[in-house]
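Down below is the structure, laid out as structure tokens.
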Amino acid sequence: MDFNQNFFELFGIAPAYRVDPIRLEQAFRDIQAQVHPDKFAHASDAERRLSMQWATQANEAYQTLKQPLGRARYLLHLNGVELHEETNTAMSPAFLMQQMEWREAIGEAKAAGDVPGLEHLSAKLRAEIAAQQQQLAELLDNDKNFQRAAEVVRELKFMEKLREEINHALEALDA
Amino acid sequence: MALLQIAEPGMSAAPHQHRLAVGIDLGTTNSLVATVRSGLSVVLHDENGRPLLPSVVRYHGDGSTDVGYPAQAMQSRDPHNTIVSVKRFMGRGLRDLPDAGNTAYQFVDSPGMVQLKTVAGVKSPVEVSADILRVLRDRAETALGGELVGAVITVPAYFDDAQRQATKDAARLAGLNVLRLLNEPTAAAVAYGLDNAAEGVYAVYDLGGGTFDISILRLSKGVFEVLATNGDSALGGDDFDHRIYCWILEQAKLSALKPQDARLLLTRAREAKEDLTTHPEVRVTAVLGAGQLVDLLLTTETFAEITRSLVNKTLAPTKKALRDAGLEPEDVKGVVMVGGSTRMPQIQRAVGKFFGQEPLNNLDPDRVVALGAAIQANVLAGNRSDDEWLLLDVIPLSLGLETMGGLVEKVIPRNSTIPVARAQEFTTYKDGQTAMSIHVVQGERELVSDCRSLAKFELRGIPPMVAGAARIRVTFQVDADGLLSVSAREKNCGVEASVVVKPSYGLTDDEITRMLRTSQENAQSDMEARALREQQVEAGRLIEAIEAALGEDGDTLLNASERAEIDGGIAELRNVLQGQNHMSIKDQIEKLNHISGTFAARRMDKSVKRALTGHKLEELET
């Protein structure tokens with residue numbers, strides 16, 4: 001057993017940002033069908049323990065590669081670029097300004113109880129996230145510009161937070 | 001002793017021998033046991049042909065117990081010693097039970113889990129549940145004519161770690177080998193999905209006697225993938241009874257009832273609720289202890305009105321589960337109704353309205369969970385390998401650690417597919433700090449005080465260094481039963497310290513042994529016999545598993561000396577099996593497990609490779 005095998009190798013797919021989600025899912029299911037603890041409930045202790053470790057690893061790998069952001073982070077990690085997201089918070093002033101505008105807009109819509117407004121913001125944000133992801137694909141798969149890709153990943157993380165905020169606001173108005 | 005009839009080496013021991021396995025639905029109100037017979041999942045009946053076992057236990061002064069209908073019949077007359085709905089107390093402390101004051105029980109608060117004072121002594125909810133499970137085990141062994149290999153026990157999907165651990169402990173106490181703790185909605189989905197060849201996104205709405213679960217699953221090509229689950233582990237049919245009970249008190253202007261009268265009116269309330277499923281109105285009549293007569297008319301409209309907030313309490317978790325799954329109600333292809341409480345017309349209406357479709361009621365809501373559990377038990381026991389399916393379930397509540405200021409740092413988010421492991425690094429906040437206390441909690445709230453405390457332990461022996469220099473890695477592992485184990489390790493200057501904890505409410509092996517010893521039928525000699533029997537069964541299971549593995553892969557994955565070592569280990573285990581010493585059997589089991597470790601690892605690698613190779617071949621063909 002080789003737990004140092006990387007997640008792409010585990011699923012037998014090429015390490016790239018653009019992955020075929022159906023193929024990824026199929027590979028995950030094929031592996032779980034072999035290693036899942038339900039297949040070893042009547043086996044020896046040694047096999048049960050291994051099965052849990054393998055199934056845990058397969059879940060971790062699938063969850064990482066399934067999400068665009070997780071996949072990008074993981075690719076950067078494989079290429080020796082660590083994001084240090086907790087400590088490295090340096091962002092371009094333009095991006096930060098944009099973030100503040102977003103936050104204000106969400107705050108106002110929330111305070112006004114403006115559900116259609118929030119949904120509009122959500123759609124707009126989704127489009128921006130999609131555009132960023134497109135850029136990320138170019139940077140990672142074509143240009144191999146990992147430093148620039150790392151910046152985009154950091155920005156995307158902020159945008160995901162905004163998305164969560166909108167969802168929370170919608171949830172609060174729902175209740 | 002059938003398991004100990006060993007086949008010749010090299011021949012796998014009777015591969016087509018049917019292993020006896022059952023699925024058990026340990027319910028708040030009723031419990032059931034089911035098994036797969038001739039390919040069909042069936043509920044096993046008692047000697048009077050009744051499928052349900054009321055989850056009621058009555059304790060007598062002489063140490064004997066009644067379980068089921070006889071206990072239920074006496075609940076009004078002997079409310080202190082007759083325990084109903086014990087599932088509500090599993091893994092719960094006194095402060096978790098807001099209406100503890102309204103019940104007839106004499107609670108004893110104890111660390112981790114509340115206990116109940118009865119004429120037969122103080123009983124833990126684990127012991128009461130074990131008494132119910134023991135009756136089901138006996139029923140199954142009588143019906144099937146042999147000892148069970150194992151059981152799948154169902155739990156509400158929204159049960160937290162404490163409740164799951166308590167359930168598993170109860171099963172062990174009842175002498176059951178737990179093949180898996182299976183979430184009730186998932187069990188129902190298996191029964192429904194396999195029956196209907198269902199594909200697509202389904203919601204399972206499960207309202208039982210005391211718990212509510214909503215699970216959103218995607219069914220495709222034999223995979224049951226739980227996308228999200230939510231619920232309320234203290235909401236069920238009991239609460240609807242209680243609303244009727246309060247309505248009776250109000251209408252009949254009653255107050256300060258004796259426990260017997262309270263129990264009687266609660267029973268009448270439950271009967272009224274059941275009658276309202278098929279009748280537009282019912283008469284509620286009762287004669288209280290003091291001769292006072294209660295005679296009221298309850299209509300379905302009034303019933304719906306007084307329970308509207310309860311119905312709405314099920315819709316909020318339903319919305320949350322859908323949101324976590326990233327879906328809208330219209331994405332759901334079908335809504336499977338589970339649990340006796342879904343028979344209430346107001347529930348059917350509310351669920352139908354929410355999802356914009358008629359709920360699916362084609363399986364008996366009382367039985368579907370047990371039937372699904374039996375199907376899964378049959379597979380887990382190794383009885384079939386042809387048409388296979390895969391269950392990918394999730395944990396219902398986030399797991400985290402207490403950090404500075406009483407805040408929770410989430411380590412594993414809710415709805416993570418299990419098994420799952422996650423590690424987090426922490427550091428010291430004072431110079432020269434040599435110990436760190438680790439507090440594990442479960443829940444979605446930000447403050448530790450609003451979450452459930454699962455375990456507290458201390459990591460000692462951290463080498464003194466400046467604040468922030470130590471690196472303490474805390475690892476959470478959740479297994480396929482949804483149970484957590486935590487380990488912590490300080491890794492610096494080459495010094496390592498690690499500790500593995502079992503959450504604090506769980507019973508240790510010693511406690512289980514003590515409980516077994518105190519239960520009247522287990523004298524010392526029985527204990528010995530039981531321990532021997534357990535080790536013999538375990539040894540038989542291990543030999544069978546390894547010989548089957550050798551039959552498949554022994555020639556290709558092992559060289560001659562490796563093979564000889566494993567064969568030697570098996571021979572040695574067979575040798576000690578001739579004797580009566582359970583300790584030496586146990587030692588040899590461990591030894592054989594150790595010897596076969598490498599072989600197991602190679603087999604696993606081979607399966608994984610095979611999975612991927614098969615995949616690549618398919619792609620070449622297309």
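The values are calculated or read from the model by the stated rules, or taken from the named source; none is laboratory data. Since we're looking at a predicted model, the values are computed, not measured. Note that we place each Cβ from the backbone using ideal geometry, even for glycine, and neighbour counts take in every protein chain shown. Accessible surface areas use protein heavy atoms only, side chains included; no ligands, DNA or RNA. Shrake-Rupley method; radii C 1.70, N 1.55, O 1.52, S 1.80 Å.
Only protein heavy atoms count here; under a 1.4 Å probe, B:E330 has an accessible surface of about 140 Å². List the pairs from B:K410/B:K456; A:K39/B:K586; B:K87/B:K319; A:K124/A:K161; B:K87/B:K320; B:K313/B:K353 whose alpha-carbon separation is above 20 Å, in the order I gave them. Pairs exceeding 20 Å: A:K39/B:K586; B:K87/B:K319; B:K87/B:K320. Taking only the C-alpha atoms of the stretch B:155-199, Rg followed by Dmax gives 13.0, 39 Å. In the context of the full protein assembly, B:I589 retains an accessible surface of approximately 10 Å², using a probe radius of 1.4 Å and ignoring ligands and nucleic acids.
Taken across both chains, chains B and A shield about 3700 Å² of accessible surface from a 1.4 Å probe.
Note on the stretch B:384-469: the alpha carbon radius of gyration divided by the globular reference 2.2 N^0.38 Å gives 1.45.
How large, in percent, is the carbon and sulfur part of the accessible surface of chain B at a probe radius of 1.4 Å?
50 percent
Give me the percent of the accessible area of the stretch A:7-66 that comes from carbon and sulfur atoms, probe 1.4 Å, all protein chains in place. Show your work: numbers first, answer last.
Numbers: 1090 of 2080 Å².
Summing carbon and sulfur atoms, their accessible area is 52 percent of the total for the stretch A:7-66.
Per-residue accessible area (protein heavy atoms, 1.4 Å probe) orders B:K456, B:K117 as B:K456, B:K117, starting from the largest. Calculated accessible area for the stretch A:93-174 comes out at 56 Å² per residue, all protein chains present (probe 1.4 Å; ligands, DNA, RNA ignored).
Plainly put, chain B has a radius of gyration that is 0.98 times its Kirkwood radius, both from alpha-carbon atoms, as the Rg/Rh ratio.
Out of every Cα-Cα pair that the stretch A:93-174 contains, those further apart than 15 angstrom amount to 59 percent. Residues whose amide H falls under 5 Å from that of B:R384, counting only those 5 or more places apart or on a different chain, are absent, with hydrogens built in the peptide plane.
Treat every Asp and Glu Cβ in chain B as -1 and every Lys and Arg Cβ as +1, leave all other atoms uncharged, and give the resulting dipole magnitude about the Cα centre to the nearest 20 debye.
Numbers: 67 positive and 83 negative charges, 226 e Å.
Here the size comes out at about 1080 debye.
Computed from backbone phi with θ = phi - 60° and the Karplus coefficients 6.51, -1.76 and 1.60, the 3J(HN,Hα) list for the stretch B:57-73 is 10, 10, 9, 9, x, 7, x, 7, 9, 10, 10, x, 4, x, 5, 4, 5 Hz; x is used for glycine and proline. What number, in percent, do you get for the relative contact order of the stretch B:361-468 if the mean sequence gap of Cα pairs under 8 Å and at least 6 apart is divided by its residue count? Worked out over the stretch B:361-468, it gives 23 percent. Projected over every direction and averaged, the convex hull enclosing the alpha-carbon atoms of chain A yields 13.2 nm². Taking amide H as placed 1.01 Å from N in the peptide plane, B:G231 has its amide H under 5 Å from the amide H of B:I214, each at least 5 places away in sequence or on another chain. Note: the protein assembly as shown, Cα convex hull, 196 Å³ per residue. In angstrom, the C-alpha Rg and Dmax of the stretch A:7-66 are 12.4, 40.
On alpha carbon coordinates alone, what is the Rg over Rh value for the stretch B:97-189, Rh being the Kirkwood radius? Could you put the intermediate results ahead of the total?
Details: Rg = 15.1 Å, Rh = 14.8 Å.
Using only Cα positions, Rg/Rh for the stretch B:97-189 is 1.02.
Placing unit charges on each Cβ (+1 for Lys and Arg, -1 for Asp and Glu) gives chain B a dipole about its Cα centre, and among B:G93, B:G406, B:A601 the Cα reaching farthest toward its positive end belongs to B:G406.
Using the Kirkwood radius over C-alpha pairs as Rh, can you work out the diffusion coefficient of the stretch B:278-334 via Stokes-Einstein at 25 °C, viscosity 0.890 mPa s, in µm² per second? Let's see the in-between values first.
Working: Rh = 14.9 Å.
Here the translational diffusion coefficient equals 165 µm²/s.
Helix B:184-196 and the longest principal axis of the C-alpha atoms of chain B enclose an angle of approximately 80°.
On a 0 to 90° scale, report how tilted helix B:509-518 is relative to the longest principal axis of chain B, with both axes built from alpha carbons and the result rounded to the nearest 10. Tilt of helix B:509-518: around 50 degrees.
Over chain B, Cα pairs under 8 Å with separation of 6+ residues give a relative contact order of 13 percent. Helix B:161-173 and the long axis of chain B differ in direction by around 80°, with both axes built from C-alpha atoms. B:N559 to B:R283: FRET efficiency via 1/(1 + (r/R0)^6), r the Cβ-Cβ distance, R0 56 Å, to the nearest 0.05? Efficiency, rounded to the nearest 0.05: 0.10.
Using +1 on the beta carbon of Lys and Arg, -1 on that of Asp and Glu, and nothing else charged, what's the dipole of the stretch A:93-174 about the Cα centre, debye to 20? Walk me through the intermediate numbers first.
On the way: 10 positive and 16 negative charges, 48 e Å.
Charge dipole, the stretch A:93-174, about its Cα centre: 220 debye, nearest 20.
Per-residue Karplus couplings for the stretch B:141-153, computed as 6.51 cos²θ - 1.76 cosθ + 1.60 with θ equal to phi - 60°, are listed in order as 5, 5, 5, 9, x, x, 7, 6, 6, x, 9, 9, 10 Hz, Gly and Pro entered as x.
For chain A, relative contact order (Cα pairs under 8 Å, six or more residues apart, normalised by length) works out to 24 percent. The HN-Hα couplings worked out from phi for the stretch B:38-44 by the Karplus form 6.51 cos²θ - 1.76 cosθ + 1.60 (θ = phi - 60°) are 6, x, 10, 7, 9, 7, 8 Hz, whole numbers, x standing for Gly and Pro.
Considering all different alpha carbon pairs of the stretch B:220-315, the Kirkwood hydrodynamic radius works out to 15.1 Å. Evaluated with a Cβ-only charge set (Lys, Arg +1; Asp, Glu -1), the protein assembly as shown carries a dipole of roughly 900 debye about its Cα centre, given to the nearest 20.
Per 0.36 nm of contour for each residue apart, how much would the distance between B:K606 and B:K319 grow if the chain were fully extended, relative to their Cα-Cα spacing?
Details: separation 287, 0.36 × 287 = 103.32 nm, distance 4.29 nm.
Using 0.36 nm per residue and subtracting the Cα-Cα distance, I get 99.0 nm.
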